[in-house]
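Down below is the structure, laid out as structure tokens.
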Amino acid sequence: MVLSLRGSSLEIEIKAFALTAGYDGDAWYEIRGEVLLRIKEIVAASGTDFALPSRTLYFPKGGGSADGVTKMAAGAVMSPS
């Protein structure tokens, strides 16, 4: 089930049910880990991978103040064209 689609992520929910002998938390975590690793293997076998979070930083040229760049960016966000 797709929970949300955002600009930089796709959040999905996967439900898996496993029978264990009684309530065994360790077995549950082991099964959960195996399911997650298998999902990663399936994605890798399809020729793709999961994206890692990233962030882009902009530095002003010449080592000057970033005030002008900050004001320009704030103006673009506040009043998009």
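The values are calculated or read from the model by the stated rules, or taken from the named source; none is laboratory data. In this text the structure is predicted, and so the values were computed from the model without any measurement. Glycine gets a Cβ as well: all are built from the backbone with ideal geometry, and neighbour counts include every protein chain shown.
For the range 1-16, enumerate the residues that are assigned to a loop (DSSP other than H, G, I, E, B) and modelled with pLDDT of 80 or more.
Pass one, the range 1-16, residues assigned to a loop (DSSP other than H, G, I, E, B): 1, 6-9, 13-16.
Correct list: Glu13, Ile14, Lys15, Ala16.
When the range 17-57 is filtered for residues that are modelled with pLDDT of 75 or more, surrounded by 10 or more Cβ atoms within 10 Å (Cβ to Cβ) and part of a loop (DSSP other than H, G, I, E, B), the ones remaining, listed by number, are Ala18, Thr20.
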